[in-house]
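Values in this text are rule-based calculations from the coordinates and carry no lab data. Because the structure is predicted, anything quoted here is derived from the model rather than measured. No Cβ is skipped: glycine too gets one built from the backbone with ideal geometry, and neighbour counts run over all protein chains shown.
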Amino acid sequence: VEMGSAEEAQKAISELNGIEFEGRTLVVSEARPQEDRPRRSEGGRSEGGRGPRKARW
């Protein structure tokens, strides 16, 4: 979501972060560039997401 100003963004974060919605707690924060996010382990896989799917008939 893009906001009109930094002040509007901070107000939305302050008002929405931590509220409960449909039984779940929302976590609202300012977006960070993708390269700044920590990498998650792929459970032993080397590169690329999931392998091919197996058909279940």
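What FRET efficiency comes out for the pair I13/R39, r = Cβ-Cβ distance, R0 = 30 Å, nearest 0.05? Before the final figure, lay out the partial values.
Values: r = 25 Å, r/R0 = 0.83.
About 0.75, to the nearest 0.05.
Using per-residue counts of other Cβ atoms within 10 Å, averaged over each peptide, order 21-31, 6-16 from highest down.
On the way: 21-31: 8.5, 6-16: 11.5.
Put in order of decreasing packing, that is 6-16, 21-31.
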